[in-house]
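The values are calculated or read from the model by the stated rules, or taken from the named source; none is laboratory data. All figures in this text were calculated on a predicted structure; none of them were measured in a lab. Neighbour counts are summed over all protein chains in view; Cβ atoms, including those assigned to glycine, are modelled from backbone coordinates with ideal geometry. For the accessible areas, the whole protein counts, side chains as well, though only heavy atoms, and no ligand, DNA or RNA atoms are used. Shrake-Rupley method; radii C 1.70, N 1.55, O 1.52, S 1.80 Å.
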Amino acid sequence: MRCIGFDLETHLITDQIKAPRLICGGVNVPSDIAEDCGLGRSWGSHVRGDIFFFQPDEAENFISMIEGCDLPVVAHNAAFDWGVLAAHDPKFISRIFTLFQQKRIDCTYIRTMALYNSTGLLKVMRGKKLELQHDRVRAFSLAGSLFAFSGIDISQYKDHSIQTSYSRVEGLPYEEWPDAYREYLCGDVEYLPRLYADQQAVSEVRVVRPWGTQVVGALKPSKRRACFHFCLHLASVWGVRVDLNAVSRLRQELESSLNDAADALVEAGFAERLTGRALERAIEFGKLPIRTTKKLLQEEVERSLDLIPDLYTDKGNLKTSRDVLVRCENDAVVAWAEAGAQRTLLSTFIPALESSRFSNRRDYGILHTNFFPYSETGRVSAGRPNLLNVARDGGVRECLVARPGCCFIDIDYEGNEMRVLAQVLLDMLGQSRLASFYREDPSFDPHSYMAARQLGLEYREGLSLKKEGNSEFKKTRQIMKCVNFGFPGGMSARTFVEFCKGYKVRVTVQEAERLKTFFFQQFPEIKTYLYHIGRFCDLSPDGGVGYLHRTGMVSGGRQYCQLANFHFQSLAAEGALTAFAITTQRAYSDASSALYGTRPILFVHDEILLEAPLHKAHDAAMELKSVMENAMMLFTPDIPALAEVACSLRWTKGAYERYDSHGKLIPSDL
């Protein structure tokens, strides 16, 4: 399987530098392509076989060589390598996007994850290390992928001290490099074409359905997903500005509140203060200087609550989790439980925000979150810190501010998961009551509809009560939001009880059973959908295989609820990521677009956060809204998509759509 494989060596990656300076590149090129473009003669250095090295000032030749042929161009973790080239010469960015649009760029890192996902092993392998002859390597690394799919062990070349010290050979002719540096880069590119071919050879997956078996390719989406990863990486490289004074104030507020809760817990006898080395370690790692007494907390649970089965762990012990303690009678215990979210903010998000500080600046920093580009449903995740999972309350969002002269454009899909579910129902069953409501009214609100039905009202009456802020309707609508988000995924009544707690809703198992029956009465086609999901699982003893014909996404080893959620969560993720990719391309390389010169900085499942110059805010927001709606409807052509606009100087839950006297969008907190 002919392809061009390449890898770049750079200066060190740090928390502040995600696209470090290029030192050299290695490329594995078929001999006829190398001959046609003069590789090894007019540019680059021949090493052995089809392997060549090139210097940073020859990157233009490398890009031109790729543009001049029609072979796929493959790298492992291609997003990083293309990001380095984009930073090396910003004029390359539009050319890189053209290569993505031509489906020329692929990534063996993405393909490794896609193949593991097709067999249900993605989650298991994500943190796994493989034992090779000379080293233990991560399963998704190049060495791990080569070992798993090609049976090749390159661990003898993977000396970390070499990888982190390529600056030693910067600017030197290839002939003067120490052998270890030559072999390391050769090892990275020598087997890329082999890996690419071997991955393709095992990519077919059997999708078993009651009406027959279909063989599909698990790697069909890999080039598109490689583009998504590149766009997410550009967002990480750009980063988001942090107001360090706000972070300092938030730390003080959290510490004060938590110390009060800890003091009250100690005084009530449910905790003891740390001393000696334990106290020193707590202070060193920013922990609270107390140790809770679990036995006493369990006794308080036993005294305060009816001992229903939900209060016990699988081993028969009483739970002392936050959602249990918050229902106790003792005020100190309740306050400690309610402070749980604050403990997470103080231990996880505050240190990450503080790490954004530049050595020469005290008032602001730049935070570069790390995106993980693949999950069982096709969603992305993030870490260090996980800005995709920041509570709307708590103050962390408000620490993120736009750069001077800029604002945040925050556009969120409205009710997207339910809309996508309606499309899935149409695709699978050919009809859907839920879909008919969206077709009749693109602004249909399923939560208000369900609340109105529950209260014996007409839908329009319910909308009026919502607008008035009626407390009973608001409470019922919150319950119905849980219903609409929980039961389409095959959730049981008992699991639903726990699920509701995340929305601050309390229901019993009996109430959950009644709500489930009520839900299926309103949308009987969803019960039929779940019946088919059950049949899919029954046909595959190792778990059902999820397959979306609209995207080519394959996810194997799925149990009942996982498979039920897969179909609409995966489709929603694909539409939103497509919107993010289009937005990024226009922002960086399309001078005719209102988005040009803006910067996508965060992708939060069904929300895109864009940083835009103030004078471009209105036009950029309107174009982003259009991009998001149109991109989603590429995958939900029968259901209208809606996106809601907000604009602010800080990333805040209170941001809203505000216009000046000329009808132009302006920051709501200006």
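Each row is one residue, and each column tells you yes or no for (1) outside any loop (DSSP other than H, G, I, E, B); (2) surrounded by fewer than 20 Cβ atoms within 10 Å (Cβ to Cβ); (3) within 29 Å of the chain's Cα centre (by Cα).
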residue	(1), (2), (3)
ALA180	yes, yes, no
GLU183	yes, yes, no
GLY187	yes, no, no
GLN200	yes, yes, yes
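Out of all the residues in region 31-43, is one or more surrounded by fewer than 19 Cβ atoms within 10 Å (Cβ to Cβ), under 34 Å from the mean Cα position of the chain (by Cα) and charged (D, E, K, R)?
Within region 31-43 (the criterion being surrounded by fewer than 19 Cβ atoms within 10 Å (Cβ to Cβ), under 34 Å from the mean Cα position of the chain (by Cα) and charged (D, E, K, R)), the answer is no, since none of the residues qualifies.
Taking interchain pairs and intrachain pairs at least six residues apart, which have beta carbon atoms under 8 angstrom, with the first residue in region 214-236 and without any contact (Cβ under 8 Å) to a residue 40 or more places away in the chain and over 15 Å from ARG379 (Cβ atoms) and the second among the aromatic types (Phe, Trp, Tyr) and not in a strand (DSSP E or B)?
Here the result reads none, with nothing in region 214-236 linked to a residue that is among the aromatic types (Phe, Trp, Tyr) and not in a strand (DSSP E or B).
For region 343-371, name all the residues that are buried (at least 18 other Cβ atoms within 10 Å of the Cβ) and polar (S, T, N, Q).
SER356, THR369
Looking at (1) within 18 Å of the chain's Cα centre (by Cα); (2) acidic (Asp, Glu); (3) open to solvent by 50 Å² or more (accessible area, probe 1.4 Å), find the lone condition where ASP660 falls short.
(1)
Within 20 Å of GLU644 (Cα to Cα) and in contact (Cβ under 8 Å) with a residue 40 or more places away in the chain - does that describe any residue in region 457-467?
No, because not a single residue in region 457-467 is within 20 Å of GLU644 (Cα to Cα) and in contact (Cβ under 8 Å) with a residue 40 or more places away in the chain.
Which residue is most open to solvent (accessible area, probe 1.4 Å), if the candidates are limited to region 372-417 and must be small (Gly, Ala, Ser) and in contact with a His (Cβ under 9 Å, 6 or more places away or on another chain)? I'd like the intermediate steps shown before the answer.
The first filter runs over region 372-417 and keeps only residues small (Gly, Ala, Ser), leaving 375, 378, 381-383, 391, 394-395, 402, 405, 415.
Okay, now just the ones that are also in contact with a His (Cβ under 9 Å, 6 or more places away or on another chain), so 405, 415.
Working: GLY405: 51, GLY415: 31 Å².
Among them, the one singled out is GLY405.
Quick one: count up the residues across region 66-81 that are farther than 22 Å from VAL237 by Cα and either open to solvent by 10 Å² or more (accessible area, probe 1.4 Å) or among the acidic types (Asp, Glu) (or both).
First pass over region 66-81, keeping only residues farther than 22 Å from VAL237 by Cα: 66-73.
Within this subset, residues satisfying the condition of being either open to solvent by 10 Å² or more (accessible area, probe 1.4 Å) or among the acidic types (Asp, Glu) (or both) are 67-72.
The qualifying residues number 6.
Can you tell me how many residues within region 598-625 are among the acidic types (Asp, Glu) and not in a strand (DSSP E or B)? Steps first, please.
Filtering region 598-625 for residues among the acidic types (Asp, Glu) gives 606-607, 611, 619, 623.
Those left that are additionally not in a strand (DSSP E or B): 606, 619, 623.
Total meeting the criteria: 3.
Examine region 204-222 for a residue that is more than 30 Å from SER167 (Cα to Cα) and either part of a helix (DSSP H, G or I) or touching a Pro at 6+ places or on another chain (Cβ under 7 Å) (or both), and state whether such a residue exists. Let's see the steps before the verdict.
We begin by selecting, within region 204-222, every residue more than 30 Å from SER167 (Cα to Cα); these are 204-222.
So of that shortlist, the ones also either part of a helix (DSSP H, G or I) or touching a Pro at 6+ places or on another chain (Cβ under 7 Å) (or both) come out as 222.
For region 204-222, residues more than 30 Å from SER167 (Cα to Cα) and either part of a helix (DSSP H, G or I) or touching a Pro at 6+ places or on another chain (Cβ under 7 Å) (or both): present.
Mind telling me which of the residues ILE93, ILE66 ends up being in contact with a strand residue (DSSP E or B) (Cβ under 8 Å, 6 or more places away or on another chain), part of a helix (DSSP H, G or I) and either of a type in the set (A, V, I, L, M, F, W, C) or over 16 Å from ILE4 (Cα atoms) (or both)?
Numbers: ILE93 fails: in contact with a strand residue (DSSP E or B) (Cβ under 8 Å, 6 or more places away or on another chain).
Residue meeting the stated conditions: ILE66.
Being open to solvent by 50 Å² or more (accessible area, probe 1.4 Å), within 22 Å of LEU254 (Cβ to Cβ) and of a type outside the set (Val, Ile, Thr) is the filter here, so list the residues in region 289-330 that pass it. Even if it seems obvious, please write down each step before you answer.
Residues of region 289-330 open to solvent by 50 Å² or more (accessible area, probe 1.4 Å): 291-292, 294-296, 299, 302-303, 306-309, 312-315, 317, 319, 322, 327, 329.
After this cut, where a residue has to be within 22 Å of LEU254 (Cβ to Cβ) as well, the list is 291-292, 322.
Hits for region 289-330 are ARG291, ARG322.
In region 331-342, what residues are open to solvent by 10 Å² or more (accessible area, probe 1.4 Å) and either modelled with pLDDT of 85 or more or in contact with a Phe, Trp or Tyr (Cβ under 6 Å, 6 or more places away or on another chain) (or both)?
Within region 331-342, ASP331, ALA332, VAL334, ALA335, TRP336, GLN342 qualify.
Determine if region 160-173 includes at least one residue that is in contact with a helix residue (DSSP H, G or I) (Cβ under 7 Å, 6 or more places away or on another chain), farther than 14 Å from THR112 by Cβ and modelled with pLDDT under 90.
Yes.
Whether any residue in region 568-579 is assigned to a helix (DSSP H, G or I), open to solvent by 10 Å² or more (accessible area, probe 1.4 Å), in contact (Cβ under 8 Å) with a residue 12 or more places away in the chain and of a type in the set (Asp, Glu) is what I want to check.
Checked region 568-579: no residue is assigned to a helix (DSSP H, G or I), open to solvent by 10 Å² or more (accessible area, probe 1.4 Å), in contact (Cβ under 8 Å) with a residue 12 or more places away in the chain and of a type in the set (Asp, Glu).
Those residues that are open to solvent by 60 Å² or more (accessible area, probe 1.4 Å) and assigned to a loop (DSSP other than H, G, I, E, B), I need them from region 128-150; list them, please. Walk me through it before giving the result.
Of the residues in region 128-150, the ones open to solvent by 60 Å² or more (accessible area, probe 1.4 Å) are 128-129, 131, 133-136, 138, 147.
Passing the criteria: LYS128, GLN133, HIS134, ASP135.
Restricting to region 617-652, and then to whatever is more than 21 Å from ALA594 (Cβ to Cβ) and open to solvent by 10 Å² or more (accessible area, probe 1.4 Å), can you tell me which residue is modelled with the lowest pLDDT? Show your work before the answer.
Initially, region 617-652 is screened for residues more than 21 Å from ALA594 (Cβ to Cβ), giving 635-640, 650-652.
Among the residues that remain, those that are also open to solvent by 10 Å² or more (accessible area, probe 1.4 Å) are: 635, 637-638, 640, 650, 652.
On the way: PHE635: 97, PRO637: 97, ASP638: 97, PRO640: 97, ARG650: 95, THR652: 89.
Filtering region 617-652 for residues that are more than 21 Å from ALA594 (Cβ to Cβ) and open to solvent by 10 Å² or more (accessible area, probe 1.4 Å), the one modelled with the lowest pLDDT comes out as THR652.
Does LEU195 count as of a type in the set (A, V, I, L, M) and in a helix (DSSP H, G or I)? Break it down into steps so the answer makes sense when it comes.
Numbers: of a type in the set (A, V, I, L, M): yes; in a helix (DSSP H, G or I): yes.
In short, yes.
Only residues that are among the small types (Gly, Ala, Ser), free of Cβ contacts under 8 Å to residues at least 40 places away in the same chain and surrounded by 14 or more Cβ atoms within 10 Å (Cβ to Cβ): list them for region 246-270, please. Step through it out loud before you land on a result.
We begin by selecting, within region 246-270, every residue among the small types (Gly, Ala, Ser); these are 246, 248, 256-257, 261-262, 264, 268-269.
Keeping just the survivors that are free of Cβ contacts under 8 Å to residues at least 40 places away in the same chain gives 248, 256, 269.
Listed by number, the list holds a single entry, SER248.
Is it true that some residue in region 376-390 is touching an Asp or Glu at 6+ places or on another chain (Cβ under 6 Å) and not in a loop (DSSP other than H, G, I, E, B)?
No: zero hits.
If you check every pair at least six apart or on different chains, which have Cβ atoms under 7 Å apart with a residue in region 619-644 that is touching a residue at least 12 places away in the same chain (Cβ under 8 Å) and over 14 Å from PHE580 (Cα atoms) first and a residue that is surrounded by 16 or more Cβ atoms within 10 Å (Cβ to Cβ) and among the hydroxyl-bearing types (Ser, Thr, Tyr) second?
Final answer for the pair search is PHE635/THR551; ILE639/TYR438; PRO640/TYR438; ALA641/TYR413.
What are the residue pairs meeting all of these: first residue in region 389-403, first residue touching a residue at least 60 places away in the same chain (Cβ under 8 Å) and under 11 Å from ALA341 (Cα atoms), second residue assigned to a loop (DSSP other than H, G, I, E, B) and among the charged types (D, E, K, R), Cβ atoms under 9 Å, and 6 or more apart or on different chains?
Close Cβ pairs (under 9 Å, with a partner that is assigned to a loop (DSSP other than H, G, I, E, B) and among the charged types (D, E, K, R)) amount to ASP393/LYS653.
Of the residues HIS11, HIS46, only one is open to solvent by 10 Å² or more (accessible area, probe 1.4 Å), in contact (Cβ under 8 Å) with a residue 24 or more places away in the chain and on the phi < 0 side of the Ramachandran plot; which? Lay out the reasoning, then the answer.
On the way: HIS46 fails: in contact (Cβ under 8 Å) with a residue 24 or more places away in the chain.
Every option except HIS11 fails the conditions.
Could you please let me know if GLY286 is free of Cβ contacts under 8 Å to residues at least 40 places away in the same chain and open to solvent by less than 100 Å² (accessible area, probe 1.4 Å)?
Values: free of Cβ contacts under 8 Å to residues at least 40 places away in the same chain: no; open to solvent by less than 100 Å² (accessible area, probe 1.4 Å): yes.
So GLY286 does not fit the description; no.
I'd like the residue in region 430-475 that is among the small types (Gly, Ala, Ser), within 33 Å of the chain's Cα centre (by Cα) and outside any helix (DSSP H, G or I) and, out of all such residues, is surrounded by the fewest Cβ atoms within 10 Å (Cβ to Cβ). Step through it out loud before you land on a result.
Start the filter on region 430-475 by keeping residues that are among the small types (Gly, Ala, Ser), which leaves 430, 432, 435-436, 443, 448, 451-452, 456, 462, 464, 469, 471.
After this cut, where a residue has to be within 33 Å of the chain's Cα centre (by Cα) as well, the list is 430, 432, 435-436, 443, 448, 451.
Now restrict to residues that are outside any helix (DSSP H, G or I): 430, 432, 443.
Values: GLY430: 8, SER432: 26, SER443: 10.
If we take residues in region 430-475 being among the small types (Gly, Ala, Ser), within 33 Å of the chain's Cα centre (by Cα) and outside any helix (DSSP H, G or I), then GLY430 is surrounded by the fewest Cβ atoms within 10 Å (Cβ to Cβ).
Among the residues of region 533-549 satisfying the criterion of being open to solvent by 10 Å² or more (accessible area, probe 1.4 Å) and part of a strand (DSSP E or B), which is farthest from LEU122 (Cα to Cα)?
My answer is TYR547.
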